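Trainee: This is the structure I have questions about; it appears just below.
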Amino acid sequence: MRRLSRFLVLLLLLQLVLAAPAMAHGDSRPDKEAILLVAFGSSMPEGQKALKSFDALARKAFPGVEVRWAWTSRIIRDKLTAAKTPHPDSPVLALARLAEDGYTRVAVQSLHSIPGEEFSDLEETVRRFDGMPKGLRAITLGRPLLALPADLPLAAKALLEAQGQRKPGEAVIFMGHGTAHTGNAMYPALQYHLWMLDKDAFVATVEGAPSLDEVLPLLQRNSIRSARLVPLMAVAGDHAHNDMAGKEEDSFASRLKAQGIASTPVLQGLAETPAIAALWLEHLRDAVQELKEMK
Ligand code: CO
């Protein structure tokens, strides 16, 4: 009995010694984990529903863990603020709020398609929150959909499988955003992997390379008469409804029509496409695992 109580006293002392460094800095907060999902954002309810569907998926995969959102697009946040429509915070504000609300360990997951400008900015934001005094103790960042070389064949396969059976001779064109950032290289890289599986699957971007102008002769070469148009974006928002499927003469649909190619738009975001959402969820699992391995 005496031996047992001596042992308990020792154990208590040991605990005090181990806890001392944290207490010396006045940081006695218990650890609390959270997930921050970060998207570009969307001003259209049609776009926002894709993010809601991923939200449900993340909550189901990590029951009991706080899940919050941030949007990287200031333009979209400002637009919704002006319309008095509630919307997620910026990443900076969301991370500050998490720390303020007592969360100490946060896995951030990017829902961007490529590691472009939006992701670079997010990376920088996360880096600055890392080790901030009285802030978060640990923070990790999950990579976008197309980031590592190993992501590309998986994404190509999932993108094609998500289309199901296509009509004979029907091409599929995945419309990416495109950027002047080096991350744009992910689009031609994805194109390579798509062609390994399907000669009639193409990537064309709105603002980068490859452009639709570069893809049109390839469609002619393959004698394509019809094409399915799919946004290569988390949400089917403004770009998908206007630049891809819109009636204006510079939309993808109109430019294809001018070449005698009929198109069918698929107005579904990748975040609500199960096979692709599953890949993003894997990236989130990696970020959560990395967080667990951090002190
Ligand atoms: Co844009």
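The values are calculated or read from the model by the stated rules, or taken from the named source; none is laboratory data. This is a predicted model, so every value here is computed, not measured. Glycine gets a Cβ as well: all are built from the backbone with ideal geometry, and neighbour counts include every protein chain shown.
Trainee: Could you grab the pairs with beta carbons closer than 8 Å, sequence gap of 6+ or different chains, first residue in segment 39-56 and under 18 Å from Ala94 (Cα atoms), second one acidic (Asp, Glu) and at pLDDT below 95?
Mentor: Matching pairs, first to second residue: Ser42/Asp238.
Trainee: Oh, and also: Does segment 265-273 contain any residue that is touching a residue at least 60 places away in the same chain (Cβ under 8 Å), in contact with a Phe, Trp or Tyr (Cβ under 6 Å, 6 or more places away or on another chain) and farther than 16 Å from Gln163 by Cβ?
Mentor: yes
Trainee: For segment 180-192, which residues satisfy the criterion of being more than 17 Å from Leu159 (Cβ to Cβ) and surrounded by 13 or more Cβ atoms within 10 Å (Cβ to Cβ)? Write out each step before concluding.
Mentor: In the first step, residues of segment 180-192 are kept if they are more than 17 Å from Leu159 (Cβ to Cβ); the result is 180-185.
Selection gives His181, Gly183, Asn184, Ala185.
Trainee: Which of the residues that make up segment 154-192 are part of a loop (DSSP other than H, G, I, E, B) and of a type in the set (Gly, Ala, Ser)? Spell out the reasoning first.
Mentor: Residues of segment 154-192 that are part of a loop (DSSP other than H, G, I, E, B), as a first pass: 162-169, 177-181.
Residues satisfying the conditions are Ala162, Gly164, Gly169, Gly178, Ala180.
Trainee: Among what's in segment 89-133 and is out of contact with any strand residue (DSSP E or B) (no Cβ under 7 Å at 6 or more places or on another chain), outside any helix (DSSP H, G or I) and free of Cβ contacts under 8 Å to residues at least 40 places away in the same chain, pick the residue that is nearest to Val235 (Cα to Cα).
Mentor: Once the filter is applied, the top-ranked residue is Asp101.
Trainee: Here is a check on your reading of the model: is Ala147 of a type in the set (Gly, Ala, Ser), closer than 28 Å to Ser73 by Cα, within 16 Å of the ligand (Cβ to nearest atom) and outside any helix (DSSP H, G or I)?
Mentor: Numbers: of a type in the set (Gly, Ala, Ser): yes; closer than 28 Å to Ser73 by Cα: yes; within 16 Å of the ligand (Cβ to nearest atom): no; outside any helix (DSSP H, G or I): yes.
In short, no.
Trainee: Looking at the structure I just gave you, is Pro168 more than 16 Å from the ligand (Cβ to nearest atom) and either in contact with a helix residue (DSSP H, G or I) (Cβ under 9 Å, 6 or more places away or on another chain) or not polar (S, T, N, Q) (or both)? Working first, answer last.
Mentor: Values: more than 16 Å from the ligand (Cβ to nearest atom): yes; either in contact with a helix residue (DSSP H, G or I) (Cβ under 9 Å, 6 or more places away or on another chain) or not polar (S, T, N, Q) (or both): yes.
For Pro168, the condition - more than 16 Å from the ligand (Cβ to nearest atom) and either in contact with a helix residue (DSSP H, G or I) (Cβ under 9 Å, 6 or more places away or on another chain) or not polar (S, T, N, Q) (or both) - is met.
Trainee: Next question. From Asp55, Asp121, Asp101, Asp89, which residue is at pLDDT 95 or above, acidic (Asp, Glu) and either under 18 Å from Asp286 (Cα atoms) or within 13 Å of the chain's Cα centre (by Cα) (or both)?
Mentor: Working: Asp121 fails: either under 18 Å from Asp286 (Cα atoms) or within 13 Å of the chain's Cα centre (by Cα) (or both); Asp101 fails: either under 18 Å from Asp286 (Cα atoms) or within 13 Å of the chain's Cα centre (by Cα) (or both); Asp89 fails: either under 18 Å from Asp286 (Cα atoms) or within 13 Å of the chain's Cα centre (by Cα) (or both).
When all the criteria are applied, what remains is Asp55.
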